[in-house]
1. Using Cα atoms only, what is the angle between the long axis of helix 14-25 and the major principal axis of the chain, expressed in degrees (0 to 90) to the nearest 10?
2. If you put +1 on each Lys and Arg Cβ and -1 on each Asp and Glu Cβ, how big is the dipole of the range 130-313 around its Cα centre, in Debye rounded to 20?
3. Which whole-number percent is the relative contact order of the chain (Cα, under 8 Å, 6+ apart)?
4. Return the whole-Å distance between the Cα centroid of the range 212-230 and the Cα centroid of the range 31-106.
5. So, in nm, how far is label Glu203 from label Arg294 when the simple model puts each one 7 Å beyond its Cα toward the Cβ?
6. Using the number of other C-beta atoms within 10 angstrom as an exposure proxy, rank Phe19, Phe35, Phe47 with the fewest first.
7. With only Lys, Arg, Asp and Glu charged, each at its Cβ (+1 for the first two, -1 for the last two), find how big the charge dipole of the chain is about the Cα centre; round to the nearest 20 debye.
8. Calculate how steeply helix 74-86 sits against the longest principal axis of the alpha-carbon atoms of the chain, using the helix alpha-carbon long axis, and give the answer as 0 to 90 degrees to the nearest 10.
Amino acid sequence: MKKYNVVIMGATGAVGLEFRKLLIERKFPINKIKFLGKSTVGQQIEFGDQMITVEAVEDGCFDGFDIALFSAGATISKEVSQKAIDAGCIVVDNSSAWRMDPEVPLVVPEVNPDDVLKHKGIIANPNCTTIQMVVALKPIENLSHIKKVHVATYQAASGAGATGMAELETQIKQVANGEDVTINKFPYQLAMNIIPQVDVFTENGYTKEEMKMFHETKKIMNSDIDVSATCVRIPVMRNHSEAVWVETEKELDLKDVIKAFENAKGLTLIDNPAEKKYPMPLFSAGEDNIFVGRLRKDITNPKGITFWCVGDQIKKGAALNAVQIAELLIEKGLI
Ligand SMILES: NC(=O)c1ccc[n+]([C@@H]2O[C@H](COP(=O)([O-])OP(=O)(O)OC[C@H]3O[C@@H](n4cnc5c(N)ncnc54)[C@H](OP(=O)(O)O)[C@@H]3O)[C@@H](O)[C@H]2O)c1
C-alpha cells in the first residue's frame, strides 16, 4: 500500500490536535509527517508515540509532501496554498479562505463525494455548523427536494479554537469563586450566559457565520436550497447543536424520514421521547457521527419536518471531515 508524506499546518490548535489523533486512529497511510506552526515553532508535540518538532512556514517547507492539511486560519492559508500546490501537495483547507471560490470544491464525503474529482489542488472543508446540518439534510433531500431550511444553532466555546475553550473554563472558575470575569475572545461573558452572535455582523443583519450556512449549503448540496440561520454561542465546551426546520417540495411520511435517517452514512438517530432519549452535546463529544433526534412533522406546515441535531464540530465539523476527504482522494486514485 502506498504511503504518503503529510504536512499539518496548525498542528497545535484545537483542530490540529484532532488531526494528530485521527491520523493515528484511522491508520492513515503515512510515510513522513511534518508539523507547521507559528508561536510554537521549535516545541515538540506528540504524534502517537513520537515527538515531532513544530517547524516554521517558510520557503521550501512543502517540498516532498503529498497532502497538506491546513487548520491555521484564512490569512495564512491564502498566503501559502499556491506554494504548497506548486510543491506538489494537494491542500485540504479548514479555513474560510477558499470555500466559496468557484474553482475550489467544498466537500462533505457523505453528501457530495464526487465534487473532489473537480479539484485543482485545493479542496475546502466547509464551516462546522454547515457540515453537521448537511449530513442530516442529505437523506431528506434524497426523498424530496428541500426548498427551505430555518435553523437555530447552539454553538460550543471550542468553535472559537483552543483560546475559546480556555476562556470558558477560566470564566466558570471565576464565576464560582465570585471573581471578576475575564473577557477576551467572546464579545460578552459566556459562562452563565448565551450570546446571539457568532462572528461579525454583515450588512443584511445576519452574521458571517449565518451567511456561511446560507452560501455553503447551496454549494455542497449543488442545490437552490435557502437557509435562514440564527447562530448562538452557548457555554458548552464541545459539540454544536442545531434546531432545524426543513420544508420539502413534496409532503413526506415521517416513517420514510426515520428509515432514511437510520440508513444514512455518518448519522445516528437517537429518538425516543417516552424514555427521554435524544442527542445532547455532553454525551456525544468525541464521536464521529452526527446525532439526530426530536424528529417530528412541523405543526405549522404539512411539507415541514423538524429535528434536533448534535455533532462534534472539531471532529466531523473539521478534522474528521478533512481526513475523510484525504481518504476519498486515495480511494478515487487522485493522489
Ligand atoms: N474549532 C473549531 O470548531 C473549528 C471548526 C471548523 C473549522 N475551524 C477552522 O480551523 C482553523 C483552526 O481553528 P482552531 O480552532 O484549531 O484554532 P486554534 O486552536 O486557535 O489554533 C490555530 C492554529 O493555527 C496555527 N497558526 C496560526 N497562525 C499561523 C501562521 N501564521 N502560520 C502557521 N501556523 C499558524 C497555530 O499555531 P501556533 O500554536 O504555533 O501559533 C495553531 O496551531 C481555523 O481556520 C478555523 O476557522 C475550526
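1. 80
2. Using Cβ point charges on Lys, Arg, Asp and Glu, the range 130-313 gives about 300 debye.
3. 18
4. The two parts, judged by their Cα centres, are 28 Å apart.
5. 3.5
6. In order of increasing Cβ crowding within 10 Å: Phe47, Phe35, Phe19.
7. Its charge dipole is roughly 480 debye.
8. It is inclined by approximately 60 degrees.
Every number in this text was worked out from the coordinates using simple rules, so none of it is lab data. Note that the structure is a prediction, hence the values are computed from the model and not measured. So basically every Cβ, Gly included, is an ideal-geometry build from the backbone, and we count neighbours across all protein chains shown.
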